[in-house]
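Inspection log for the structure reproduced underneath, given as structure tokens.
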Amino acid sequence: MKTTKMSLANIQGKLSRAEMKKIMAGSGTCQAKVATGGGSWVPIIGLSSSEAQNYPGMTSWCCNSCSSTSWAVR
């Protein structure tokens, strides 16, 4: 099988705009562990990497590594 190197900038016709956005922005694949007070926390799911990193009260976040964290929703 022959592989071809492609630029994401010139990938029109190969991926839809929504698929490209998910690859380039990480849309909806990340989670944030958010402190709620008194030592409690909740996981917030379906975030982009930027949203997870900047979520108010965030103590931890993950994207590709969520399956290996003890707190993330699987």
Where a residue in the range 55-67 is closer than 10 Å to T29 by Cα and its partner, wherever it lies, is aliphatic (A, V, I, L, M) and outside any loop (DSSP other than H, G, I, E, B), with Cβ under 9 Å and at least six apart: C62/A32; C62/A52; C63/L47; C63/A52; C66/I45
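Are there strands (runs of 3 or more DSSP E) fully within the range 25-74 with at least 1 residues that are at pLDDT 95 or above, in contact with a Ser or Thr (Cβ under 6 Å, 6 or more places away or on another chain) and of a type in the set (S, T, Y)? List them. Let's see the steps before the verdict.
Values: elements: 30-37, 40-47, 58-62.
By residue number, no strands (runs of 3 or more DSSP E) qualify.
The values are calculated or read from the model by the stated rules, or taken from the named source; none is laboratory data. This is a predicted model, so every value here is computed, not measured. Here the Cβ is made from the backbone with ideal geometry for all residues, glycine too, and neighbour counts use every protein chain on show.
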